[in-house]
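A short worksheet on the structure shown next.
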Amino acid sequence: MNRVLISISTVLISVCANYGQAQELSGRVIDPSGAAVPGAAVRLYERDSTQQWTATTDGQGKYRMERLPQGSFLLEARTEGLDQASPVAVQLSTGESLEQDLKLEIRGLASRVQVTAAAASQSTIEAGKAMDVVDSSELARREEMLVGESLRTVTGLRVQQLGGPGSFTRILTRGLRAADTGVLVDGMRFRDASGVQGDATAYLGDLQLVSTDRIEVLRGLGSSIYGTNATAGVINLVSDQGGGKAHGEVGGEGGGLGLFRGLARVAGGVKENRLQYSAGVAHLNVNGGVDGVENVRNTSGQGYLLWRPSSSASLSGRYWSTWSNVGINSSPYAAPAGNLPASGVIPAIPLAENQVQLADQGLPFQWGNATFAPNLYDPDSKREGKVSTTQVQWSQQTGARWNYRVSYQNLNSRRDNLNGAAGSGYQPAYYSSNLFNGQLDTLQARADVLLAKWNTLSGGYEWEREYYSNPSRDANPDSSQRVNASATAKQRSNALFIQDQMRFLNQKLQVGLSGRFQHYSLSKPEFTGGAPQYVGAKFEGAPHAFTGDVAVSYFLSGSMTKLRAHAGNGFRSPTLYERLGTSFFWGEFSPLGDPGLRPERTVSTDFGVDQYFSNSRYRASATYFYTRLQEVIGYMGLVNDPYGRWGGYANMAGGLARGVEVQGEARPYRSLLVTASYTYTNADERKSSLVGGSLRSIRVFPNMVTLVATQEITKRLQLTLDFIGASNYISGSFFVGSGSRPYEFDGPRKLDAALSYTLPVGDTKSLRFYTRVENMLNQRYFEDGFRTPKAWATAGMKFQF
């Protein structure tokens, strides 16, 4: 106890010692003519951490930030329109009051600050890794509601949504599997400990945009910084940290698919931003959805609070939670054998719409020439889900060269799959519940040391505990036959990580090195309601994981060219389900996992060039990527298995994905901003899981193009178009005879439009009227056989202050 008191006293003394050493920063935000820009958000990012300060310009375009620590920073200004200010480097010395003006780029493209590439603040022009940032201004222009839909147009990302808003969603990066893309919330892993592959996919469709400041996307390896499930890329949802004058919005929208959504959020700061806050809540209701067979209820809340007891220390907390109730329809299935070719890839021909209507009602129907039936209505099947994540972080700068941060996150997930006897296909005899509970506790400590002006060394320790339980129950009226079983398991891990960020040649050459060591320990599983499984197994931790990568970038200021390269290795740890998972049928457990599984291993590289033209009014970039999955974990048939499995999870040969990403961004006029991309992906498996031996990776678009264009018609009227088009893809979701046969589906041709009009109702208040039209080309396309919406639209209004 005395040691704890001494430690707390030491921290308080350190905080108080730095209390009076505050620095100040002030200035103006102006346009190129020198005119003041009121209402701009000015942000200051600490170079060697993720700390951020925010201020809002007044009527004269002035801003002021007080009680700042000493050190190196990046300063930028953002507006609600297309005009932005690129980040500038700022150095604050002890006791200094510095003035720094910012000039908006009204005819050029502005770079941005991101914190994901190196877990510290960097300009996008500095990063040696392929990065994209979708900020709150773009999300507002596109009137997006959900995280998944917001990422459709990001280069290299394949977003698959099995239906309308709120439906199951998965994200594939650079031709790899959904589990290879890590999802973070404010830099901490967001994943489902009870999921088969331990990733975030089960909850991606539930994630609404509530109080998100921006979404940062790292394309390429992230394992050495962020650990498991980050071998293809990382998606970081960065919360609004508040600050500045109180501001927010209240609004609602409704329209097609029986959709209604309400949203309220507020943010600001008090006591000279010593206390910053943001909070929001949103409710989504879809009553009918695609063809009247979908129902979604989703309520989400998000909050952030930050307190600065001194200029050099901060304590922050963040909470994000989602409650969802989603109707689950039956899975698509193959047509009778007579409708299918004897071999090869099956062309995906859907059941005629008038026949689908009969099938939805459980009436007899005619197959015609169809090769599959889409998802059909199931009136008593649903998924009740809840996921919440809470994070607390203490951060302190103890000198001009050293700072540290300690973070704790708790993540709880709960999915209950409920189903009754109604509906097509196989249905349980009695109303049943299949519940998946997961919990993750993560503690991370990290220190950053400025060895020299050009070299920052970072290192830390991470401890994580995960828990998984899978209760199974039904409503059999015979209590002696009623199912009431449960399987639980626990796993822990310890990790050490290190990074070295170096800047040479007046910061033109950037070199980043990172490495990570991870150790696991596994507890014996517990079973109730049936005979225990894995008897005699050794419950040892998975083999250690060693990962590392290097990222290099060089900026040629004369030609405005950036060269970059990124290479390394990655891993995905075997999940509790893959190691100890079971199914429960006919009164007993059947083992599916293998306690001795090894981690998945990956090697990857990418290199590219970014070129700016015409005073940064145009930008073009090209990237080549190559990823080899050396060893993966998959489900396969087994013989002579020590646990008596006829099928289960095992280590197997991986696959290969390589391709090219081409991006373009243009601002030919002050009122027009256009971004476009093309992605070519060639992804293959080393061992086929499909009948016929096809090695082509499933769900991957070989060719994909995207386009986002925003036109400010007037200062108040704005139009944004976004388009995605892709070539045909292979699905492996249809079981035919002895296994899954490949189906070839048409790729999407999806054009969306958002039109908004802002009506000022005071100096700082306005009404924003908007409408959004989805799938304007009215294409009916299928995702793994699931129906997606044709053309539909919503309209809404927001009161902004």
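Annotation note: chymotrypsin sites (Phe, Trp or Tyr not before Pro) in the stretch 570-679 located in DSSP loop regions with a Cβ neighbour count of at most 16 within 10 Å are Trp586, Trp646.
By DSSP, what percent of the beta bridges with both residues in the chain are antiparallel, rounded to the nearest 5?
On the way: 339 of 352 bridges.
Bridges in the chain that DSSP calls antiparallel: roughly 95 percent.
Restricting the calculation to Cα atoms, the stretch 123-225 shows an Rg/Rh of 0.93 when the hydrodynamic-style radius is the Kirkwood one. Computed from phi, the 3J(HN,Hα) profile of the stretch 714-719 under the Karplus parametrisation 6.51, -1.76, 1.60 (θ = phi - 60°) reads 9, 5, 9, 10, 9, 10 Hz, with x in place of Gly and Pro. Across the stretch 293-305, computed HN-Hα scalar couplings (Karplus, 6.51 cos²θ - 1.76 cosθ + 1.60, θ = phi - 60°) run 10, 10, 9, 9, 10, 8, 10, 10, x, 8, x, 9, 9 Hz from first to last residue, x flagging Gly and Pro. Residue-wise HN-Hα couplings along the stretch 490-497, as the Karplus relation 6.51 cos²θ - 1.76 cosθ + 1.60 with θ = phi - 60° gives them from phi, are 9, 8, 10, 9, 10, 9, 10, 9 Hz; Gly and Pro carry x. Computing FRET efficiency as 1/(1 + (r/R0)^6) for Tyr680 and Glu744, where r is the C-beta to C-beta distance and R0 is 25 Å, gives about 0.85.
Name the shape class, rounded, prolate or oblate, that the alpha-carbon gyration tensor gives for the stretch 196-346, where a ≥ b ≥ c are the square roots of its eigenvalues, rounded holds for a/c under 1.5, and otherwise prolate holds if a/b is larger than b/c and oblate otherwise.
On the way: a/c = 3.65, a/b = 1.67, b/c = 2.19.
Cα axes put the stretch 196-346 in the oblate bin.
Counted over the stretch 332-404 with a bin width of 10 Å, the fraction of Cα pairs per bin, in whole percents, is 15, 27, 15, 10, 8, 10, 12, 3. Distance between Cα centroids, the stretch 503-532 to the stretch 213-278: provide it in whole Å. Comparing the Cα centres of the stretch 503-532 and the stretch 213-278, I get a distance of 25 Å.
Can you tell me the alpha carbon radius of gyration of the stretch 648-801 divided by the globular rule-of-thumb value 2.2 N^0.38 Å?
Values: Rg = 21.4 Å, N = 154, 2.2 N^0.38 = 14.9 Å.
After normalising by residue count via 2.2 N^0.38 Å, the value is 1.44.
When the expected Rg is taken as 2.2 N^0.38 Å, what fraction or multiple of it is the alpha-carbon Rg of the stretch 436-516?
On the way: Rg = 23.9 Å, N = 81, 2.2 N^0.38 = 11.7 Å.
For the stretch 436-516, the normalised Cα radius of gyration comes out at 2.05.
Count the net charge of all other residues whose Cβ sits under 15 Å from the Cβ of Lys103, scoring Lys and Arg as +1 and Asp and Glu as -1.
Values: positive: Arg28, Lys62, Arg78, Arg107, Arg670; negative: Asp31, Glu76, Asp83, Glu99, Asp101, Glu105.
It works out to a net charge of -1.
If packing is taken as the mean number of other Cβ atoms within 10 Å per residue, what is the order of 350-359, 286-295, highest first? If you can, show how the numbers build up before the last one.
Working: 350-359: 16.4, 286-295: 19.9.
Per-residue Cβ counts within 10 Å, averaged per peptide and sorted highest first, yield 286-295, 350-359.
Helix content alone sets the calculated 222 nm mean residue ellipticity of the chain: runs of n ≥ 4 DSSP H residues at -39500 (n - 2.57) each, divided across all residues, give -1500 deg cm²/dmol.
Filter the trypsin sites (Lys or Arg not before Pro) in the stretch 396-500 down to the DSSP loop ones having no more than 13 other Cβ atoms within 10 Å, then list what survives.
Passing sites in the stretch 396-500 are Lys453, Arg482.
Here the chain yields Rg over Rh of 0.96, to two decimals, using C-alpha coordinates and the Kirkwood radius.
Using 1/(1 + (r/R0)^6) with R0 = 35 angstrom and r between the beta carbons of Ala400 and Tyr626, what's the FRET efficiency to the nearest 0.05? Working shown, then result.
Working: r = 42 Å, r/R0 = 1.19.
That gives a FRET efficiency of 0.25.
Between Lys715 and Leu767, the modelled label-to-label distance comes to 2.0 nm, taking each label 7 Å out from Cα in the direction of the beta carbon. Simple spin-label estimate for Asp500 and Trp454 gives 1.4 nm between the two label positions (7 Å along the Cα-to-Cβ direction from each Cα).
Going down the list Lys538/Lys687; Lys62/Lys765; Lys103/Lys798; Lys103/Lys715, which pairs span over 26 Å between their C-alpha atoms? The partial results should precede the final answer.
Numbers: Lys538/Lys687 29 Å; Lys62/Lys765 19 Å; Lys103/Lys798 30 Å; Lys103/Lys715 19 Å.
Lys538/Lys687; Lys103/Lys798, as the Cα separations exceed 26 Å there.
For the stretch 163-268, what class follows from the C-alpha gyration tensor (a ≥ b ≥ c being the square roots of its eigenvalues): rounded when a/c is under 1.5, otherwise prolate if a/b is larger than b/c, else oblate?
Details: a/c = 2.60, a/b = 1.39, b/c = 1.87.
Cα axes put the stretch 163-268 in the oblate bin.
Rounded if a/c is under 1.5, else prolate if a/b beats b/c, else oblate: with a ≥ b ≥ c from the C-alpha gyration tensor eigenvalues square-rooted, which is the stretch 45-135?
Since a/c reaches 1.5 but b/c is at least a/b, the shape of the stretch 45-135 is classed as oblate.
Under 20 Å from the 7 Å Cα→Cβ point of Lys687, by amide nitrogen: which residues of the stretch 589-606? 591-603, by backbone N distance to the label point.
For the pair the stretch 127-197 / the stretch 412-427, the C-alpha centres are spaced 26 Å from each other.
What relative contact order, as a whole-number percentage, does the chain give when Cα pairs under 8 Å and 6 or more residues apart are counted? Intermediate values should be presented prior to the final figure.
Working: 2370 pairs, mean separation 84.5, N = 801.
Computed value for the chain: 11 percent relative contact order.
Spatial offset of the stretch 542-581 relative to the stretch 36-81 amounts to 31 Å, using the alpha carbon center of each.
Read-outs throughout are calculated quantities, based only on the coordinates presented, and are distinct from any laboratory measurement. Given the structure is predicted, the values throughout are model-derived calculations rather than measurements. Positions of Cβ are generated from backbone atoms using ideal geometry, with glycine treated the same way; all protein chains shown enter the neighbour counts.
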